[in-house]
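First comes the structure, then the notes that go with it.
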């Protein structure tokens, strides 16, 4: 294992030496999480959204959970090692008392997958918003 995580492409944009409190972008493919699933979650009406959201976030492989408006209560983003794990993920959602049903979408390609929400904005637009 002679190479470090930056050299192996696991940590993106990393610096060396790595500061103790540093945050890094990980390449999901490099750590074996190449399958991305979006899950629409429809919860039971008798549960508070905070309780449901915490239960959804606790499922192994779920990276992000969004509480949404409309007929869908939550959208969860999950990253999995392979397509065989999708069945386990769906079963984990179905096992939750908070969940009435789900609708899953298999992501074929991640066209833009970043933890930098401002990267798609022009500087002028951001400055206008801040004024």
- Message: Filter region 78-89 down to the residues that are within 19 Å of residue 28 (Cβ to Cβ) and either modelled with pLDDT of 95 or more or within 18 Å of the chain's Cα centre (by Cα) (or both) and list them by number.
- Response: 78, 79, 80, 81, 82, 83, 85, 86, 88, 89
- Query: With 92, 103, 113 as the choices, which residue is at pLDDT 90 or above, within 15 Å of residue 37 (Cα to Cα) and either assigned to a helix (DSSP H, G or I) or outside the structural domain of residue 59 (by TED's automatic domain parsing) (or both)?
  - Reply: 92
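The values are calculated or read from the model by the stated rules, or taken from the named source; none is laboratory data. Everything numeric in this text was worked out from a predicted model, so none of it was measured. Reconstructed Cβ throughout: ideal geometry from the backbone, glycine too, with neighbour counts over all protein chains shown.
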